[in-house]
Amino acid sequence: MNGKTKTIAAMGMLCALAYAATAVGQVPLVLFLKYDPKDVIIAIGGFAFGPSASFAIALAVSLAELFTISETGLWGLFMNVISSCSFACTASLLYKRRQTAPGAAAGLLCGWGCMVCVMLSWNYLVAPVYMGCSRQAVAQLLLPVFLPFNFIKGGLNAAITMLLYKPLAAALRRARPQQT
C-alpha cells in the first residue's frame, strides 16, 4: 500500500472515530450545550497529518452530522467546522513547527484559547439566527453560558488530546507517507 493510500485510509478511520464520538459521546454541560470529544480525534489527526487534515476531518464529520444527528442544520455545520478548526487547526499548525511534547502542549493551549475567543464571537453573530432570538438575548448568555461551555470544552479537548496523542502517534506515523 503506498503512502497516499495509507494516509487516506487513516484519515477515513479518524473521520469515522470522530463521528462515532459525536454520535454516542455527547454529554450535556451547560443548559442546551453538549460536549462531544470529536475535536480530540480531529486534533490527533492534525498532529499526525498536518493542519489541512484537521480541516478535512472536521468538514467531513460536520457534513456527516448535518445529514444524520444534527438538530441545528446548516448553522450547526458552520459552527461545528469553525469550532473544530479553531481548536484543532491552530493546535496542529503550532505542533507542526515544533513536534515535541512541549510543542503539542503549547499548540493545544493556543488552540483552546483560540476556540474560546472565536466561538464567543461567532455565537454572538450567528446564535441569534439559529436560536431564533435577539442578539441582546444572546449577548446576555455569552458570559454565563457560552464562555464556561467553550472553556470547559476546550480544556477537556486539550487534556484528553495530550493524554492520547503520544500512544496514538506511532500508529498514525506509520500511515503517513515517507518524505523523499
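The values are calculated or read from the model by the stated rules, or taken from the named source; none is laboratory data. From a predicted model like this one, the values you see are computed outputs, not experimental measurements. Here the Cβ positions follow ideal geometry from the backbone for every residue, glycine too, while neighbour counts run over all protein chains shown. When the accessible area is computed, the model is the full protein with side chains, heavy atoms only, and any ligands, DNA or RNA have been set aside. Shrake-Rupley method; radii C 1.70, N 1.55, O 1.52, S 1.80 Å.
Observations, loosely collected:
- Residues (open to solvent by 60 Å² or more (accessible area, probe 1.4 Å) and among the polar types (S, T, N, Q)) located in segment 1-52: Asn2, Thr5, Gln26, Ser52
- Among residues of segment 25-52, those that are of a type in the set (Asp, Glu) and in contact (Cβ under 8 Å) with a residue 60 or more places away in the chain, counted: 1
- Residue match in segment 51-59 (condition: modelled with pLDDT of 95 or more and among the polar types (S, T, N, Q)): yes
- Checking each residue in segment 125-141 for being of a type in the set (Gly, Ala, Ser), at pLDDT 90 or above and over 20 Å from Ser83 (Cβ atoms) picks out Ser134, Ala137.
- Only a single item in (1) open to solvent by less than 60 Å² (accessible area, probe 1.4 Å); (2) in contact (Cβ under 8 Å) with a residue 12 or more places away in the chain is not met by Phe55, and it is number (1).
- Scanning segment 124-140 for residues that are touching a residue at least 40 places away in the same chain (Cβ under 8 Å) and either of a type outside the set (Val, Ile, Thr) or closer than 30 Å to Leu163 by Cα (or both) yields a count of 1.
- Checked against the criterion of being touching a helix residue (DSSP H, G or I) at 6+ places or on another chain (Cβ under 6 Å), among the β-branched types (Val, Ile, Thr) and closer than 28 Å to Tyr130 by Cα, the candidates Val61, Val27 yield just one match: Val61.
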